[in-house]
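A.B. asks: Let me begin by handing over the structure; questions about it come next.
The values are calculated or read from the model by the stated rules, or taken from the named source; none is laboratory data. These numbers were taken from a predicted model, which means no experiment stands behind them. Reconstructed Cβ throughout: ideal geometry from the backbone, glycine too, with neighbour counts over all protein chains shown. Each accessible area value is taken on the protein alone, full model and side chains, heavy atoms only, with ligands, DNA and RNA left out. Shrake-Rupley method; radii C 1.70, N 1.55, O 1.52, S 1.80 Å.
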Amino acid sequence: MALVTITALEKSYGSLDILRGASFAVHEGSRTALVGPNGCGKTTLVRILVGLERADTGTLATLPGTDIGYLPQEVAHLEGLDVLSAVLVGSPRLAELEADLADLEARMATTTGDALDTLSHRYGDAQAEFSLLGGYDAEARAKTLLAGLGFVGEDLHKSVDVLSGGQRTRVYLARLLYQEPTLLVLDEPTNHLDLDAVEWLEEYLRVWKGTILIVSHDRAFLDQIADHVVDLSGGIAVSYRGDYTEYARQKEFNDAQRLQAYERQKEEVTRLQAYVDRYRAGNRATMAKSRQKSIDRLERVDRPDRDPDVKFRLKPSHASGREALVLEGVSKSYGPLTLFRPFELWVNRGDRIGIVGPNGAGKSTFLRCLMGIETFDGGDMTLGHNVAVGTLSQQAEELDEGNTVLDELMANSTLQLAEARDLLAQFLFRGDDVFKAVGALSGGERNRLLISRLLAARPNCLMLDEPTNHLDLWCRRALENALAHYPGTVLFASHDRYLLQRVATRILEIKGGAAKVWEETWEEYRARTRPALPTSLPKPGSKAAKAAAEALKRKHRGARGPSPEKELKRIEGQIAPLEARIRELTDLLADAATYLEGGAAKALTDEYEAATVRLQDLYEEWEPLAEEVTALTA
């Protein structure tokens, strides 16, 4: 049964046609992915579906009683609530019933006789509905969702007001999952999620009972979730069955078949038209008219729209020495917060090192130190012989906001005007697009401009921070292919599993205050380190919870090292100053003056997120130790 039916939908902004007669259906229980190049109308169509915009023409029919939950790319601010409350208020009916039950309990305490019987019946009905809607395990369910998305312990009681934009998006996502709407509409849901959270979300959505419509450029995520794909290329909708990989295979085959049919028809029309033109007059005029009628009756085959033509090769201007980069004893801390303790890393020419770890653990800070934007606290960093570095940072700090696109490329290369325009055209900056101000570019446009700069500069060592952020599927594939065939050295931080799988030959993990190098591919690393991803947590006091606590105790008792009492004291000594620093950071981030000091707010936010990650790691170490010490002294 079709939950949503979209027919001949059209939408324009001035002279720009976004949707050109899109038609498709979202069937009950399906997981439908909406894909297409940036600017093809995916977000516009979703906003029309959820009622935030109107189509110019066409119809959109939704099955009566359909409850839609929508996660936009930029979420509304949930002011005045803590994290747990922001999720719990996502179910207004449960909140209303809870208030009714409390009111009825108070009134029943002071009522007798028939009035008490009436209130008792009302209380029973409200209690039954509250139970049916899962009210008695609502808080446990909310905590399960928040834990999967990285909020545990004290995080649950933090004000949403002090969270970063990415953290607020995760709270909003937990709230939507808690609501369990009939149709879940997710626009780029894996933005702001680290790999563990993405994999947890995949597991959760795979057992989701409702219907899902997803807009995403995360190919691995779509392969795990989608069972239908709707391609919006060219403003029309073409539906495919299967996950992303199956869609890509089918689309390539169908486009090749259509192109052959188009070329054959074009040749036939050319042949017939030549006959008509030659014999329009004379004794073969009747035959010419017959052929003209054949041409007129032909049902024309449209040429398939080409995918965005983004194909390039990264070619160093020269080779570096055998050793590209040597790090000896480098470390980085913010006050009491240690991002990574001293460690060594030798990078040889041609190495492709994928940098992974939780959000806030220090990946971007590590790369910013390599790029020279920040400095290591200690240790030595040595670039090898003839190493020429090219960088791509998340904030695009390399770009001059006042330049035009064309000026920016020419100021950072030796290209002539015609060469610069040709290169920019490869990255979809065509016509007047080259005169856009850098400050007015979208995130995807900035990344494309930075990549064009790298091509022009031809470095032999690339340092890239989330290089596929904001890029559509076509640009991601092009960058992935270019990096896979790049003969130079690459160090890159990414949550893009396709990119990590295709490109990385070594893994640098930054997590819990330490950095560790794994001499293996992404697949080998993840197969060994991927955590269990439960979709539910044991209830406190349950047999499962007690068994988990006992297992932790046994694990700790079997490990060599200091006594539990000394280890507990050591961890508590780290927790106290870290908690104090987090309180200081919270006050600073709540102060409007912080945001007047250039990059101060960004640095404080990075430190705050990293501190909360480290604090949670310490809490997880502290809890089983505290239980064991208590048991030993009882």
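A.B. asks: In this structure, does A482 turn out to be closer than 16 Å to R313 by Cβ and among the aliphatic types (A, V, I, L, M)?
C.D. replies: Here the answer is yes, as A482 does meet what is asked.
A.B. asks: Of everything in region 316-361 that's outside any loop (DSSP other than H, G, I, E, B) and of a type in the set (D, E, K, R), which residue is most open to solvent (accessible area, probe 1.4 Å)?
C.D. replies: The extreme case among them is R341.
A.B. asks: Please go through region 243-274 and give me each residue that is in contact with a helix residue (DSSP H, G or I) (Cβ under 8 Å, 6 or more places away or on another chain), under 15 Å from I295 (Cα atoms) and among the β-branched types (V, I, T), ordered by number.
C.D. replies: Within region 243-274, V269 is the sole residue that qualifies.
A.B. asks: Only one residue in P564, P624 is farther than 25 Å from L149 by Cα, at pLDDT 60 or above and either of a type in the set (F, W, Y) or surrounded by 14 or more Cβ atoms within 10 Å (Cβ to Cβ) (or both). Which one?
C.D. replies: Exactly one residue qualifies, and that residue is P564.
A.B. asks: Out of (1) in contact (Cβ under 8 Å) with a residue 24 or more places away in the chain; (2) more than 15 Å from the chain's Cα centre (by Cα); (3) in a helix (DSSP H, G or I); (4) surrounded by fewer than 23 Cβ atoms within 10 Å (Cβ to Cβ), the odd one out for T169 is which?
C.D. replies: Condition not satisfied by T169: (2).
A.B. asks: So, one more: Restricting attention to region 362-385, report how many residues are surrounded by 17 or more Cβ atoms within 10 Å (Cβ to Cβ), of a type outside the set (G, A, S) and more than 28 Å from the chain's Cα centre (by Cα).
C.D. replies: Counting residues in region 362-385 that are surrounded by 17 or more Cβ atoms within 10 Å (Cβ to Cβ), of a type outside the set (G, A, S) and more than 28 Å from the chain's Cα centre (by Cα) gives 2.
A.B. asks: Against the condition closer than 30 Å to S442 by Cβ and either surrounded by fewer than 17 Cβ atoms within 10 Å (Cβ to Cβ) or acidic (D, E) (or both), how does D82 come out, does it pass?
C.D. replies: Considered against the rule, which asks whether it is closer than 30 Å to S442 by Cβ and either surrounded by fewer than 17 Cβ atoms within 10 Å (Cβ to Cβ) or acidic (D, E) (or both), D82 comes out as no.
A.B. asks: Need the failing condition index for L298 against (1) closer than 30 Å to H217 by Cα; (2) loosely packed, with under 14 Cβ neighbours inside 10 Å, just the number.
C.D. replies: Going through (1) closer than 30 Å to H217 by Cα; (2) loosely packed, with under 14 Cβ neighbours inside 10 Å one by one, L298 breaks only (1).
A.B. asks: Right, something else. For region 145-166, enumerate the residues that are closer than 16 Å to E202 by Cα and open to solvent by 10 Å² or more (accessible area, probe 1.4 Å).
C.D. replies: A147, G148, G150
A.B. asks: Same structure again: Are any residues in region 109-137 in contact with a Phe, Trp or Tyr (Cβ under 8 Å, 6 or more places away or on another chain) and open to solvent by less than 50 Å² (accessible area, probe 1.4 Å), and if so, which ones?
C.D. replies: F130
A.B. asks: On to the next question. Look through A437, A425 and report the one residue that is modelled with pLDDT of 90 or more and over 30 Å from E607 (Cβ atoms).
C.D. replies: None of the others qualify; the one that does is A437.
A.B. asks: Among all residue pairs at least 6 apart or on different chains, which show Cβ distances below 7 Å where the first residue, located in region 244-260, is touching a residue at least 40 places away in the same chain (Cβ under 8 Å) and of a type outside the set (D, E) and the second is open to solvent by less than 40 Å² (accessible area, probe 1.4 Å) and not in a helix (DSSP H, G or I)?
C.D. replies: Y244/A33; Y244/A226; Y244/V229; Y247/V229; Y247/Y240; R258/P304; L259/P304
A.B. asks: Another question, if that's okay. Within region 386-399, can you find the residues that are touching a helix residue (DSSP H, G or I) at 6+ places or on another chain (Cβ under 9 Å) and either open to solvent by 40 Å² or more (accessible area, probe 1.4 Å) or farther than 26 Å from Q501 by Cα (or both)?
C.D. replies: V389, Q394, Q395, E397, E398, L399
A.B. asks: Checking S320 against (1) among the polar types (S, T, N, Q); (2) at pLDDT 90 or above; (3) more than 29 Å from L424 (Cβ to Cβ), which single condition isn't satisfied?
C.D. replies: If we test S320 against (1) among the polar types (S, T, N, Q); (2) at pLDDT 90 or above; (3) more than 29 Å from L424 (Cβ to Cβ), just (3) comes out false.
A.B. asks: Here is a follow-up. Condition first: open to solvent by less than 30 Å² (accessible area, probe 1.4 Å), farther than 30 Å from G362 by Cβ, modelled with pLDDT under 90 and out of contact with any Pro (no Cβ under 9 Å at 6 or more places or on another chain). Can you find one or more residues in region 219-232 that meet it?
C.D. replies: Checked region 219-232: no residue is open to solvent by less than 30 Å² (accessible area, probe 1.4 Å), farther than 30 Å from G362 by Cβ, modelled with pLDDT under 90 and out of contact with any Pro (no Cβ under 9 Å at 6 or more places or on another chain).
A.B. asks: Scanning region 251-289 for residues that are open to solvent by 80 Å² or more (accessible area, probe 1.4 Å) and part of a loop (DSSP other than H, G, I, E, B), which turns out nearest to D302 (Cα to Cα)?
C.D. replies: By that ranking, first place goes to R280.
A.B. asks: OK, next. Would you pick out the residues in region 464-496 that are farther than 27 Å from V330 by Cβ and open to solvent by 20 Å² or more (accessible area, probe 1.4 Å)?
C.D. replies: Once the filter is applied, which keeps residues that are farther than 27 Å from V330 by Cβ and open to solvent by 20 Å² or more (accessible area, probe 1.4 Å), region 464-496 yields H470, R476, R477, N481, A484, H485.
A.B. asks: Go through (1) modelled with pLDDT under 80; (2) in contact with a strand residue (DSSP E or B) (Cβ under 9 Å, 6 or more places away or on another chain) for L81 and report which single condition fails.
C.D. replies: All conditions pass for L81, except number (1).
A.B. asks: Something else now. Go through L500, L471 for me and flag whichever is of a type in the set (A, V, I, L, M, F, W, C) and in contact with a strand residue (DSSP E or B) (Cβ under 9 Å, 6 or more places away or on another chain).
C.D. replies: Among L500, L471, only L500 is of a type in the set (A, V, I, L, M, F, W, C) and in contact with a strand residue (DSSP E or B) (Cβ under 9 Å, 6 or more places away or on another chain).
A.B. asks: List the pairs whose first member sits in region 611-629 and is small (G, A, S), whose second member is part of a helix (DSSP H, G or I), and whose Cβ atoms are under 8 Å apart, counting only residues at least 6 apart or on separate chains?
C.D. replies: From region 611-629, the pairs are A611/L578; A611/R581; A611/I582; A611/L585; A626/L568.
A.B. asks: Further question: Pairs please, first residue from region 15-38 and within 23 Å of W474 (Cα to Cα) and in contact (Cβ under 8 Å) with a residue 24 or more places away in the chain, second anywhere and among the basic types (K, R) and open to solvent by 10 Å² or more (accessible area, probe 1.4 Å), Cβ atoms under 6 Å, 6+ apart in sequence or on different chains.
C.D. replies: Qualifying pairs under 6 Å: I18/K11; L19/K11; L34/K42; G36/K42.
A.B. asks: State all residues of region 28-72 that are aliphatic (A, V, I, L, M), more than 22 Å from F221 (Cβ to Cβ) and open to solvent by less than 70 Å² (accessible area, probe 1.4 Å); if no residue qualifies, say none.
C.D. replies: I48, A55, L60, A61, L63, listed by residue number.
A.B. asks: Show the residue pairs that are 6+ apart or on different chains and have beta-carbon atoms under 9 Å apart, the first residue being within region 480-509 and touching a residue at least 12 places away in the same chain (Cβ under 8 Å) and in a helix (DSSP H, G or I), the second being open to solvent by 40 Å² or more (accessible area, probe 1.4 Å) and of a type in the set (S, T, Y).
C.D. replies: Once the first residue is touching a residue at least 12 places away in the same chain (Cβ under 8 Å) and in a helix (DSSP H, G or I) and sits in region 480-509, its partners that are open to solvent by 40 Å² or more (accessible area, probe 1.4 Å) and of a type in the set (S, T, Y) give E480/Y498; L500/T521; Q501/T521.
A.B. asks: Given the conditions (1) within 30 Å of V35 (Cα to Cα); (2) assigned to a strand (DSSP E or B), report the number of the one that K311 does not fulfil.
C.D. replies: Looking at each condition in turn, K311 falls short on (2).
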